[in-house]
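The values are calculated or read from the model by the stated rules, or taken from the named source; none is laboratory data. If you're wondering where the values come from, they're calculated on a predicted model, not measured in any experiment. Positions of Cβ are generated from backbone atoms using ideal geometry, with glycine treated the same way; all protein chains shown enter the neighbour counts. Protein only, heavy atoms only, side chains kept; ligands, DNA and RNA dropped before computing areas. Shrake-Rupley method; radii C 1.70, N 1.55, O 1.52, S 1.80 Å.
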Amino acid sequence: MSERPTGTITDERFPSHVAERLAALPGVQAVTLGGSRAQGTHTPQSDWDFALYYRGTFDPEYLRAVGWPGQVSELGGWGGGVFNGGAWLTVEGRAIDVHYRDLDVVEHELAEARAGRFHWEPLMFHLAGIPSYLVVAELAVNQILHGELPRPGYPPELRGRAPGVWRERAALTLGYAKANFAPRAQPAEVAGAIVTAAMYTAHAVLAERGEWVTNEKRLLGRAGLRAVDAIVAGVRPDAEALVASVDEAEALFAAV
(Lines give C-alpha, C1' and ligand atoms only; values in the text may rest on other atoms or scores of the structure.)
Protein backbone atom coordinates (compact mmCIF):
# COMPACT_ATOMS: atom_id res chain seq x y z
CA MET A 1 0.00 0.00 0.00
CA SER A 2 1.46 3.37 -0.99
CA GLU A 3 2.10 5.86 1.75
CA ARG A 4 -0.63 8.45 2.23
CA PRO A 5 0.03 11.87 3.72
CA THR A 6 -2.25 12.82 6.60
CA GLY A 7 -1.40 16.02 8.38
CA THR A 8 2.31 16.56 7.82
CA ILE A 9 3.52 12.96 8.23
CA THR A 10 3.15 10.05 5.81
CA ASP A 11 1.78 6.64 6.81
CA GLU A 12 5.26 5.21 6.36
CA ARG A 13 6.76 7.64 8.85
CA PHE A 14 3.79 7.77 11.24
CA PRO A 15 4.54 4.67 13.41
CA SER A 16 8.06 5.82 14.20
CA HIS A 17 6.81 9.33 14.91
CA VAL A 18 4.37 8.04 17.55
CA ALA A 19 6.85 5.49 18.92
CA GLU A 20 9.49 8.19 19.47
CA ARG A 21 7.07 10.19 21.60
CA LEU A 22 5.85 7.18 23.58
CA ALA A 23 9.36 5.77 24.12
CA ALA A 24 10.44 9.10 25.61
CA LEU A 25 7.86 8.88 28.41
CA PRO A 26 9.32 7.99 31.84
CA GLY A 27 9.19 4.27 32.55
CA VAL A 28 8.48 3.12 28.99
CA GLN A 29 10.82 0.32 27.93
CA ALA A 30 9.30 -0.77 24.62
CA VAL A 31 6.72 0.31 22.06
CA THR A 32 4.92 -1.82 19.48
CA LEU A 33 2.51 -1.38 16.59
CA GLY A 34 -0.34 -3.88 16.65
CA GLY A 35 -3.73 -4.59 15.12
CA SER A 36 -4.43 -4.64 11.41
CA ARG A 37 -1.66 -2.14 10.72
CA ALA A 38 0.95 -4.57 12.03
CA GLN A 39 -0.55 -7.55 10.20
CA GLY A 40 -1.12 -5.87 6.85
CA THR A 41 -4.90 -6.39 6.90
CA HIS A 42 -5.81 -2.73 7.36
CA THR A 43 -7.88 -0.43 5.19
CA PRO A 44 -7.36 3.32 4.78
CA GLN A 45 -10.01 3.80 7.49
CA SER A 46 -8.32 1.53 10.04
CA ASP A 47 -7.06 3.09 13.23
CA TRP A 48 -3.55 2.62 14.60
CA ASP A 49 -2.89 0.44 17.64
CA PHE A 50 0.20 1.06 19.75
CA ALA A 51 1.28 -0.53 23.02
CA LEU A 52 3.70 0.92 25.53
CA TYR A 53 5.48 -1.53 27.80
CA TYR A 54 6.56 -0.48 31.29
CA ARG A 55 7.77 -2.31 34.36
CA GLY A 56 6.14 -1.85 37.74
CA THR A 57 4.19 1.32 37.17
CA PHE A 58 3.44 4.02 34.63
CA ASP A 59 1.90 7.44 35.25
CA PRO A 60 -0.76 8.27 32.61
CA GLU A 61 -0.15 11.97 33.31
CA TYR A 62 3.00 11.64 31.23
CA LEU A 63 0.89 10.61 28.24
CA ARG A 64 -1.64 13.37 28.85
CA ALA A 65 1.21 15.88 28.94
CA VAL A 66 2.15 15.03 25.34
CA GLY A 67 -0.93 17.05 24.38
CA TRP A 68 -2.57 14.74 21.86
CA PRO A 69 -6.36 15.27 21.98
CA GLY A 70 -8.50 12.41 23.25
CA GLN A 71 -9.08 10.32 26.37
CA VAL A 72 -6.37 8.85 28.58
CA SER A 73 -7.39 6.29 31.20
CA GLU A 74 -5.78 5.49 34.51
CA LEU A 75 -3.99 2.17 35.01
CA GLY A 76 -6.74 -0.42 35.26
CA GLY A 77 -9.22 2.02 33.74
CA TRP A 78 -10.47 -0.49 31.18
CA GLY A 79 -11.46 -3.04 33.77
CA GLY A 80 -8.11 -4.19 35.07
CA GLY A 81 -6.63 -7.56 34.28
CA VAL A 82 -4.11 -8.07 31.51
CA PHE A 83 -5.75 -5.35 29.39
CA ASN A 84 -5.17 -2.67 31.96
CA GLY A 85 -6.03 0.61 30.30
CA GLY A 86 -4.84 2.98 27.65
CA ALA A 87 -5.90 5.92 25.53
CA TRP A 88 -7.96 6.89 22.49
CA LEU A 89 -6.22 9.79 20.79
CA THR A 90 -5.92 11.74 17.56
CA VAL A 91 -2.42 12.30 16.18
CA GLU A 92 -1.73 14.02 12.87
CA GLY A 93 -5.35 13.52 11.86
CA ARG A 94 -5.28 9.80 12.64
CA ALA A 95 -7.17 7.85 15.31
CA ILE A 96 -4.81 5.86 17.51
CA ASP A 97 -5.23 3.53 20.47
CA VAL A 98 -2.48 3.27 23.05
CA HIS A 99 -2.52 0.21 25.30
CA TYR A 100 -0.70 -0.04 28.62
CA ARG A 101 1.27 -3.25 29.05
CA ASP A 102 2.90 -4.12 32.38
CA LEU A 103 6.00 -6.18 31.60
CA ASP A 104 5.73 -8.08 34.89
CA VAL A 105 2.21 -9.18 33.93
CA VAL A 106 3.20 -9.96 30.34
CA GLU A 107 6.14 -12.11 31.43
CA HIS A 108 3.94 -13.94 33.95
CA GLU A 109 1.34 -14.71 31.28
CA LEU A 110 4.06 -15.86 28.90
CA ALA A 111 5.27 -18.34 31.52
CA GLU A 112 1.68 -19.45 32.17
CA ALA A 113 1.01 -19.97 28.47
CA ARG A 114 4.18 -22.04 28.12
CA ALA A 115 2.82 -24.22 30.92
CA GLY A 116 -0.54 -24.53 29.15
CA ARG A 117 -2.37 -22.33 31.66
CA PHE A 118 -4.52 -19.25 31.11
CA HIS A 119 -7.62 -17.57 32.48
CA TRP A 120 -10.59 -15.79 30.95
CA GLU A 121 -11.38 -12.10 31.42
CA PRO A 122 -14.29 -9.92 30.31
CA LEU A 123 -13.35 -6.97 28.10
CA MET A 124 -15.50 -4.23 26.62
CA PHE A 125 -16.38 -4.79 22.94
CA HIS A 126 -15.34 -8.48 23.03
CA LEU A 127 -18.32 -10.83 22.89
CA ALA A 128 -16.38 -13.79 24.25
CA GLY A 129 -14.07 -11.84 26.52
CA ILE A 130 -10.36 -12.51 26.17
CA PRO A 131 -7.85 -15.14 27.23
CA SER A 132 -5.00 -13.94 29.42
CA TYR A 133 -2.62 -15.13 26.69
CA LEU A 134 -3.78 -12.23 24.50
CA VAL A 135 -0.78 -10.26 25.73
CA VAL A 136 1.45 -13.16 24.64
CA ALA A 137 -0.19 -13.17 21.21
CA GLU A 138 0.66 -9.50 20.91
CA LEU A 139 4.33 -10.26 21.52
CA ALA A 140 4.20 -12.76 18.67
CA VAL A 141 2.43 -10.64 16.04
CA ASN A 142 3.06 -6.97 16.84
CA GLN A 143 5.83 -4.95 15.24
CA ILE A 144 8.48 -3.80 17.72
CA LEU A 145 9.16 -0.12 17.16
CA HIS A 146 11.35 0.56 20.19
CA GLY A 147 13.14 -1.58 22.76
CA GLU A 148 13.39 -5.35 23.03
CA LEU A 149 10.64 -7.89 23.69
CA PRO A 150 10.40 -11.70 23.43
CA ARG A 151 8.92 -13.15 20.21
CA PRO A 152 7.26 -16.38 21.39
CA GLY A 153 5.99 -19.19 19.23
CA TYR A 154 2.70 -20.87 20.07
CA PRO A 155 3.40 -23.07 23.13
CA PRO A 156 2.60 -26.77 22.55
CA GLU A 157 1.18 -27.04 26.06
CA LEU A 158 -1.26 -24.20 25.39
CA ARG A 159 -2.22 -25.70 22.05
CA GLY A 160 -2.98 -28.94 23.84
CA ARG A 161 -5.16 -27.49 26.61
CA ALA A 162 -6.83 -24.30 25.36
CA PRO A 163 -9.12 -25.90 22.75
CA GLY A 164 -10.84 -28.06 25.33
CA VAL A 165 -11.39 -25.11 27.66
CA TRP A 166 -12.97 -23.03 24.91
CA ARG A 167 -15.13 -25.88 23.60
CA GLU A 168 -16.42 -26.60 27.08
CA ARG A 169 -17.45 -22.94 27.49
CA ALA A 170 -19.27 -23.12 24.16
CA ALA A 171 -21.07 -26.33 25.10
CA LEU A 172 -22.16 -25.00 28.48
CA THR A 173 -23.40 -21.76 26.92
CA LEU A 174 -25.51 -23.59 24.35
CA GLY A 175 -26.76 -26.09 26.93
CA TYR A 176 -27.96 -23.29 29.18
CA ALA A 177 -29.71 -21.56 26.28
CA LYS A 178 -31.49 -24.77 25.29
CA ALA A 179 -32.62 -25.51 28.83
CA ASN A 180 -33.57 -22.00 29.93
CA PHE A 181 -34.04 -19.51 27.09
CA ALA A 182 -35.49 -21.67 24.32
CA PRO A 183 -38.40 -23.11 26.36
CA ARG A 184 -39.41 -19.55 27.26
CA ALA A 185 -39.40 -18.53 23.58
CA GLN A 186 -36.73 -15.86 24.18
CA PRO A 187 -35.04 -15.33 20.80
CA ALA A 188 -32.72 -12.50 21.85
CA GLU A 189 -31.18 -14.57 24.61
CA VAL A 190 -30.83 -17.62 22.38
CA ALA A 191 -29.23 -15.57 19.60
CA GLY A 192 -26.79 -14.03 22.06
CA ALA A 193 -25.84 -17.43 23.42
CA ILE A 194 -25.28 -18.83 19.94
CA VAL A 195 -23.02 -15.94 18.93
CA THR A 196 -21.06 -16.11 22.18
CA ALA A 197 -20.62 -19.86 21.81
CA ALA A 198 -19.50 -19.33 18.21
CA MET A 199 -16.75 -17.01 19.42
CA TYR A 200 -15.67 -19.53 22.06
CA THR A 201 -15.56 -22.24 19.40
CA ALA A 202 -13.55 -20.01 17.08
CA HIS A 203 -10.98 -19.50 19.83
CA ALA A 204 -10.81 -23.29 20.16
CA VAL A 205 -10.29 -23.78 16.42
CA LEU A 206 -7.48 -21.24 16.24
CA ALA A 207 -5.84 -22.71 19.35
CA GLU A 208 -5.99 -26.16 17.78
CA ARG A 209 -4.11 -24.75 14.79
CA GLY A 210 -1.62 -22.90 16.96
CA GLU A 211 -2.68 -19.53 15.54
CA TRP A 212 -2.67 -16.43 17.72
CA VAL A 213 -5.80 -14.33 18.28
CA THR A 214 -5.60 -10.68 19.32
CA ASN A 215 -9.22 -9.59 18.71
CA GLU A 216 -12.58 -10.85 17.45
CA LYS A 217 -12.95 -8.79 14.28
CA ARG A 218 -12.06 -11.61 11.88
CA LEU A 219 -12.28 -14.49 14.32
CA LEU A 220 -15.35 -16.25 12.94
CA GLY A 221 -14.11 -16.03 9.38
CA ARG A 222 -10.67 -17.36 10.28
CA ALA A 223 -12.29 -20.31 12.06
CA GLY A 224 -14.66 -21.13 9.20
CA LEU A 225 -17.73 -20.29 11.25
CA ARG A 226 -19.49 -17.63 9.19
CA ALA A 227 -22.34 -20.11 8.65
CA VAL A 228 -23.51 -19.13 12.12
CA ASP A 229 -24.87 -15.93 10.52
CA ALA A 230 -27.66 -17.90 8.86
CA ILE A 231 -28.54 -19.64 12.11
CA VAL A 232 -28.83 -16.34 13.97
CA ALA A 233 -30.82 -14.77 11.13
CA GLY A 234 -33.33 -17.62 11.40
CA VAL A 235 -33.96 -17.26 15.13
CA ARG A 236 -37.65 -16.60 15.87
CA PRO A 237 -39.86 -16.49 19.00
CA ASP A 238 -40.99 -20.09 19.01
CA ALA A 239 -39.78 -22.56 21.61
CA GLU A 240 -39.40 -25.55 19.29
CA ALA A 241 -37.72 -23.45 16.61
CA LEU A 242 -35.28 -22.07 19.16
CA VAL A 243 -34.30 -25.53 20.31
CA ALA A 244 -33.73 -26.42 16.65
CA SER A 245 -31.51 -23.35 16.22
CA VAL A 246 -29.38 -24.38 19.17
CA ASP A 247 -29.15 -27.92 17.78
CA GLU A 248 -28.04 -26.51 14.44
CA ALA A 249 -25.36 -24.41 16.14
CA GLU A 250 -24.12 -27.44 18.08
CA ALA A 251 -23.79 -29.41 14.86
CA LEU A 252 -21.93 -26.58 13.14
CA PHE A 253 -19.47 -26.14 16.01
CA ALA A 254 -18.83 -29.88 16.23
CA ALA A 255 -17.92 -29.95 12.54
CA VAL A 256 -15.04 -27.48 12.77
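Values as computed for the structure displayed
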{"read-out": "HN-Hα J in Hz across region 17-30 - Karplus 6.51, -1.76, 1.60, θ = phi - 60°, x for Gly and Pro", "value": "4, 5, 4, 4, 5, 5, 5, 7, 6, x, x, 7, 10, 7"}
{"read-out": "Where labels lie 7 Å past Cα in the beta-carbon direction, separation of Asp97 and Arg222 in nm", "value": "1.3 nm"}
{"read-out": "Scaled radius of gyration (Cα, divided by 2.2 N^0.38 Å) that the chain gives", "value": "1.12"}
{"read-out": "Selected from Gly67, Asn142, Met124, residue furthest toward positive end of dipole (region 42-199; charges at beta carbon)", "value": "Met124"}
{"read-out": "Rounded FRET efficiency, nearest 0.05, which uses the C-beta distance separating Asp229 from Thr8 and R0 of 41 Å", "value": "0.45"}
{"read-out": "Centroid-to-centroid separation of region 48-122 and region 141-164 [C-alpha atoms, Å]", "value": "17 Å"}
{"read-out": "Taking all pairs of distinct alpha-carbon atoms in region 84-209, Kirkwood radius in angstrom", "value": "16.6 Å"}
{"read-out": "Calculated FRET efficiency for the pair Asp247/Trp120, C-beta based, R₀ 41 Å, to 0.05", "value": "0.95"}
{"read-out": "Helical contribution to [θ] at 222 nm, DSSP H n ≥ 4, -39,500 (n - 2.57), averaged over the chain, rounded to 500", "value": "-13000 deg cm²/dmol"}
{"read-out": "Antiparallel bridges, percent of DSSP beta bridges restricted to the chain (to nearest 5)", "value": "75 percent"}
{"read-out": "R0 of 41 Å, Cβ-Cβ distance Thr43-Asp238: FRET efficiency to nearest 0.05", "value": "0.55"}
{"read-out": "Folded to 0 to 90 degrees: helix 187-209 orientation relative to the chain principal axis, Cα", "value": "60 degrees"}
{"read-out": "In region 56-120, GluC sites (Glu not before Pro) in a DSSP loop with at most 13 other beta-carbon atoms within 10 Å", "value": "Glu74"}
{"read-out": "Candidates Tyr100, Tyr62, Tyr200: whichever shows maximal mean-square fluctuation once the chain is modelled as a Gaussian network with Cα springs under 10 Å", "value": "Tyr62"}
{"read-out": "Using θ = phi - 60° and Karplus 6.51 cos²θ - 1.76 cosθ + 1.60, couplings along region 234-240 (whole Hz; Gly, Pro as x)", "value": "x, 5, 9, x, 9, 4, 5"}
{"read-out": "Most fluctuating residue given options Asp11, Asp49, Asp97, as computed from a GNM of the chain linking Cα atoms under 10 Å", "value": "Asp11"}
{"read-out": "Residue with peak Gaussian network fluctuation, the chain [Cα springs, cutoff 10 Å], from Val205, Val243, Val141", "value": "Val243"}
{"read-out": "For region 133-256: accessible area per residue (Å², 1.4 Å)", "value": "46 Å²"}
